[in-house]
Amino acid sequence: MSDLAFQRCIHPHCGTTVDLADTSFHCPKCGGLLDVAYDWNRLPVPTSLKHFEAKWSNRTHPLDFSGVWRFRELFPFAPDEKIMTIGEGQTLCQRADSVAAYCGMKPGTTYLQYEGMNPSGSFKDNGMTAAFTHAQMVGARRAACASTGNTSASLAIYCAASQLMRAVIFIGSGKISYGKLSQALEHGALTVQIAGDFDDALRRVQEVSRQLGIYLVNSINPFRLEGQKSVMLRVLEALRWEVPDWIVVPGGNLGNSSAFGKAFIELTELGLIAKPPRIAVINAAGADTFYQLYERNGVRWNGGQPDDRKIGVYMKYLDDADKRADTLASAIEINRPVNLPKALRALERCGGVVREVTDAEMLDAKAKIGAGGLGCEPASAASVAGLQKLVREGVIDPGERAVCILTAHLLKDPTATVAYHSSDPKTFDDVLGKRGVRRANFANRAVQVPNDLTAIVQAIELYA
Ligand code: F0G
């Protein structure tokens, strides 16, 4: 299998190839990021995406049941017997007319890809099953990540379910929601709390993994991104293999945007789709490095030679001003996205745009998504808040077809949700007011009534 699949530096002027089994995840020559690459000419590639529909008749086969691995011909790096699946990727792409109305889109145009349905409650399982499979292929015994919470929850579950590896997770102090922390603890991960934030933890976990030879599963790991390509394959499948006009996705470490871009570039090159959709990446305003670099400083992929000087100047400004990422959407509270070059490449090939949305905009969008029947965590709602903004700006036309990615489940991070809907001003202020959120425009407040049958009946008749 190894000469059919390998790793390759993403920069075309370098293009150094690296063995499939290498776990350093950096180009040995130029230090750049790596892709998993394939010799497609020698691999059995389906001639039409409809081919994948046949897999549904084989649902008792665990690999065809997985919403990731049933597409494995499009990321053929692992022999079937090494694949570790826990039934990830059984997720829903749902038409959402109430969300369309909120965003100023026409009915029937707007879809929500709900990755909260994964076993660990977030999209991370799509990538973790692939990274974990590679870890097994290279005989790893320990696997590590830095995390704002969802990557660590996913890793902990794969380690616990397989009993094959020990999970070591690095988290910033006070930065992880209880929903996510509880998963890591319950599933037995060694949890290392660093005095610092996610950006600090990510730097440390890379040093420690190198020193101790621990397998790294952060999205710098290109095998993770191979699994995450399947999110887009499921979107296409749900749309009967029609390519939407827009994919709108929250941006943190930029793994998703990079993976989605790679999926569409490959599908186009393999002749399986005519052209890619456009991609909109949405940052939180308090963690907006990608927005600043792409939209404000004009940094582009530039055929594989992005303007490193501009990027360096911006990173130095973050350092000098000790500017830390700061948003209620803790999942995307990241100022130094490791996949920046890959995301630039994705946006070049997919006509991309980047926007930033405030915490208040995310929470309002989240309440609207919830009222429409899908529960997501604050970071996920950046996609819908971003769609609304792009429609207002006239970048997205109300008649175009857009798919917003809901990256994780509501119960991952309920604190902001409870505060948003609270009728107690102190609860609101303690969580949201002190972070600059002034109003909850779509709050569904609990009704306070005395313990009295007549009063209870009156309240229900009044409100419901
Ligand atoms: N949404 C959620 C719910 C996330 O957990 C993350 C990332 C993102 C969006 C951003 O995705 O990095 O692909 O741009 N969470 C990581 C973690 C950092 O550690 O769980 P990205």
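No lab work stands behind these numbers, since they all come straight from the coordinates. Just so we're clear, the structure is a prediction, and the values are computed from it rather than from any experiment. Methodologically, a virtual Cβ is constructed for each residue, glycine included, from the backbone with ideal geometry; neighbour enumeration extends over all protein chains shown.
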Between residue 429 and residue 241, 0.36 nm times their residue separation minus their Cα-Cα distance comes to what?
-> 63.1 nm
So how tilted is helix 308-320 from the main axis of the chain? Cα-based, degrees 0 to 90, rounded to 10.
-> 50 degrees
As computed over the range 126-236, the Cα convex hull volume per residue (Å³) = 100 Å³
Taking the Cβ of residue 237 as the centre, find all other residues whose Cβ is under 12 Å away and add up their charges (Lys, Arg: +1; Asp, Glu: -1).
-> +3
Local net charge near residue 158, Cβ-Cβ under 11 Å (Lys/Arg +1, Asp/Glu -1) = -1
Partner lysines for residue 368 [C-alpha distance under 21 Å; skip if fewer than 8 residues away on the same chain] | 106, 389, 412
What is the gain in length, in nm to one decimal, between residue 321 and residue 3 on full extension, counting 0.36 nm per residue of separation less the C-alpha to C-alpha distance?
-> 109.8 nm
Magnitude of the Cβ-charge dipole of the chain, K/R +1 and D/E -1, about the Cα centre, nearest 20 debye?
-> 380 debye
Once the dipole of the chain is set up from charges on Cβ (+1 Lys and Arg, -1 Asp and Glu), the residue from the list 374, 33, 239 lying farthest towards its positive end is 33
Just need the relative contact order of the chain here, percent rounded to a whole number, with Cα pairs under 8 Å and 6+ apart.
-> 16 percent
Round to the nearest 10 and give me the degree value, 0 to 90, for the angle of helix 198-212's Cα axis relative to the longest principal axis of the chain.
-> 30 degrees
Spatially proximal lysines relative to residue 262 (Cα-Cα < 18 Å; intrachain offsets below 8 disregarded) | 124, 229, 275, 342
Using only the alpha-carbon atoms of the chain, report the extent along each of the three principal axes, biggest first, to the nearest angstrom.
-> 75, 48, 46
How far is helix 255-269 tilted, in degrees, relative to the longest principal axis of the Cα atoms in the chain, given as a value from 0 to 90 rounded to the nearest 10?
-> 50 degrees
What percent antiparallel are the DSSP beta bridges of the chain, to the nearest 5?
-> 30 percent
Calculate, for residue 441 and residue 41, the FRET efficiency according to 1/(1 + (r/R0)^6) with r their C-beta to C-beta distance and R0 51 Å; round to the nearest 0.05.
-> 0.40
Local net charge near residue 58, Cβ-Cβ under 10 Å (Lys/Arg +1, Asp/Glu -1) = +2
Which stretch or stretches of the range 347-389 have amide N atoms under 17 Å from the point lying 7 Å from residue 98's Cα along the Cα→Cβ direction?
-> 363-377, 381, 384-385
Note to self, the chain gives a 222 nm [θ] from helices alone (DSSP H runs n ≥ 4, -39500 (n - 2.57) apiece, / all residues, nearest 500) of -11000 deg cm²/dmol
Cβ crowding within 10 Å averaged over residues, with 180-189, 297-306, 310-319, 380-389 ranked highest first | 380-389, 180-189, 297-306, 310-319
Rounded to the nearest 20 debye, dipole of the range 339-464 from Cβ charges on Lys, Arg, Asp, Glu = 440 debye
Rounded to a whole number, what is D in µm²/s for the range 254-373 from Stokes-Einstein with the Kirkwood radius over alpha-carbon pairs (25 °C, 0.890 mPa s)?
-> 159 µm²/s
Between residue 185 and residue 142, what is the FRET efficiency for a Förster distance of 25 Å, r being their Cβ-Cβ separation, to the nearest 0.05?
-> 0.90
